[in-house]
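One structure is given here, and the rest of the page talks about it.
The values are calculated or read from the model by the stated rules, or taken from the named source; none is laboratory data. Because the structure is a prediction, the values reported are computed rather than measured. Cβ placement follows ideal geometry from the backbone for every residue including glycine, while neighbour counts extend to all protein chains displayed. When the accessible area is computed, the model is the full protein with side chains, heavy atoms only, and any ligands, DNA or RNA have been set aside. Shrake-Rupley method; radii C 1.70, N 1.55, O 1.52, S 1.80 Å.
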Amino acid sequence: MKSIKIFAPATVANVTCGFDVLGFAVHKPGDEVLLVESDAPGISIVDIKGDQGLLPKAAEKNTVSVAIKAFLEHLNLDTGIEIYLEKKMPLGSGLGSSAASAVAGVFGVNELLGRPLTVTELLPFAMQGEMLACGEPHADNVAPALLGGFVLIRSYDPLDVVKIDAPNDLFATIIHPQIEIATKDARSILKKSLLLRDAVKQWGNIAGLVTGLIKQDYDLISRSMEDVIVEPVRSMLIPGFEQVKAAALDSGALGCGISGSGPSIFALSRSLKNAKQVAQAMESCFQDLDIVSDVYVSPVNQQGPLIIS
Ligand code: HSE
C-alpha cells in the first residue's frame, strides 16, 4: 500500500491590518498527517493524536477529511484513503490549526496520486476545511500553509493569491496563552459596517505592509503594522493583550498583533536575537498575570508543507 507522511505548518493570519487577506507560515508548530491508500473506497480517519479527544473522527466533520474529499470529488476519484492525524499544535489558538491539517491532507493526497494538480490548485479544497471549521472559507491560513512565506489573497472571487517576497531576516515570535477562542465566535463579534476613515487607514496600512515586505523597508513594515478595525474588538477577548503588545514593542519588535482570531499574539523582529528577547518579554507579562503560555520563535517558513516519509 502506498503511504505518505506530511508536515504542514502553523500560520499567522491577518498580520495586523490584513484581515482575511494576508498570512505567513512559520516552521513550528505544525501538524503531521499520515495517509495510507486503501483497497476499500472512501475516506476514513483511523486515529487522531494530540487533540485530547476533542476532534471528531467522522470523515464529514473533520477539516482534513473534508478537504481530501473535495479534492478527490473534483478529480472524480473514489480512491480509499486512511488518515492518521497528529495534532502538534493547540486547537482554537489562532495558529491555523484546522488549516494545517487540511493542507497536509490535500498536499499529501496530491503527492500520492502523482501530482495531478499544482500546489496552488489545491487551495480551494483546503479552503473547504476552513468552511467546515468556522463557516467561512477564508484563505489567509491555508494559503501560506500550502505555499509557504507571506501570501496575499488579492481576491476571493475569483480566487487570486500572490506569494510575496519577504526579507530573509524576519523572525516571528508567537505566544499562545492557554485559553481557547473559536474562530467562529471571534468572527461573530466583528462589526458589520465600517467608518470610511477607518477603512482608509486600514488599506493604507495593508498596502504599506506589503510594500515594506517587498522593498525590505523595515521602518515601513513597522509603521504599517496597525489594525484599527479588528484588533480593537477582538483584543477584549485576550486578557493582558495590551500589556503583552506593549512589552513586545518595548523590546524592539517591528510590530505586534493578534495571530489570526487569537488568543495567540505574534510579533515580528528583524533578528533571531531580538525575536527571543521579545519572547521573554511577552512570556514574563503573561506570567505576571498568572496565565500559562507557550511561546514559539521561528523564521518565516518559505517552503510550506514538508514530506516527512
Ligand atoms: N482571517 C481569519 C480571522 C483568520 O481573523 O477570522 C482565522 O485564523
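Here the Karplus relation 6.51 cos²θ - 1.76 cosθ + 1.60, evaluated at θ = phi - 60°, turns the backbone of the stretch 294-305 into coupling constants of 10, 10, 10, 10, 8, x, 5, 8, 7, 9, x, x Hz, with x for every Gly and Pro. For the stretch 171-299, averaging the sequence separation of C-alpha pairs within contact (under 8 Å, six or more residues apart) and dividing by the residue count gives a relative contact order of 39 percent. The solvent-accessible area of residue 165, taken with every protein chain present and a 1.4 Å probe, is close to 120 Å². In the context of the full protein assembly, residue 210 retains an accessible surface of approximately 30 Å², using a probe radius of 1.4 Å and ignoring ligands and nucleic acids. Label point of residue 165 set 7 angstrom out along Cα-Cβ; within the stretch 1-37, no amide nitrogen lies under 13 Å from it.
The helix-only estimate of mean residue ellipticity at 222 nm for the chain, built from DSSP H runs of length n ≥ 4 each weighted as -39500 (n - 2.57), is -11000 deg cm²/dmol after division by the residue total. Taking every protein chain into account, the accessible area of the stretch 137-223 amounts to 51 square angstrom per residue (probe 1.4 Å). Other residues lying with their Cβ under 15 Å from the Cβ of residue 121 contribute a combined charge of -1, Lys and Arg counting +1, Asp and Glu -1.
Taking amide H positions as modeled 1.01 Å from N, with prolines and chain starts lacking one, the residues under 5 Å from residue 43 and 5 or more places away or on another chain are 81. Here the 3J(HN,Hα) profile of the stretch 80-88, calculated from phi with Karplus coefficients 6.51, -1.76 and 1.60 at θ = phi - 60°, is x, 10, 9, 10, 10, 10, 10, 6, 10 Hz, Gly and Pro shown as x.
Mean projected area of the convex hull spanned by the Cα atoms of the stretch 1-42, taken over all viewing directions: 4.4 nm².
Rg over Rh for the chain works out to 0.97, both radii taken from alpha-carbon positions and Rh defined as the Kirkwood radius. Taking θ as phi - 60° and the Karplus parameters 6.51, -1.76 and 1.60, the scalar couplings of the stretch 235-242 work out to 4, 5, 7, 10, x, x, 4, 4 Hz in sequence order, x denoting glycine and proline. If you build a Gaussian network model of the chain, linking Cα atoms that sit under 10 Å apart, which residue out of 114, 257, 129 swings the most? Largest GNM mean-square fluctuation: 114. Across 307, 4, the residue with the most accessible area heads the list, and the full order at a 1.4 Å probe is 307, 4.
For the stretch 1-89, applying the loop criterion from DSSP together with a ceiling of 16 other beta carbons within 10 Å to the GluC sites (Glu not before Pro) yields 60.
Rounded to the nearest 20 debye, the dipole magnitude of the chain is 380 debye, with +1 charges on Lys and Arg beta carbons, -1 on Asp and Glu beta carbons, and the Cα centre as origin. Picking from 284, 127, 56, whose Cα lies most toward the positive end of the charge dipole for the chain (charges on Cβ: Lys, Arg +1; Asp, Glu -1)? Farthest towards the positive pole: 284.
Once you charge only the Cβ atoms, +1 for Lys and Arg and -1 for Asp and Glu, what is the size of the charge dipole of the stretch 171-299 about its Cα centre, to the nearest 20 debye? Dipole magnitude for the stretch 171-299 comes out near 500 debye. Comparing 176, 102, 267 along the charge dipole axis of the chain, the residue lying farthest to the positive side is 267, per the Cβ-charge model.
As a fraction of the 1.4 Å probe accessible area of the chain, surface on carbon and sulfur atoms comes out at 52 percent. Under the criterion of Cα pairs below 8 Å and six or more residues apart, the relative contact order for the stretch 1-127 equals 32 percent.
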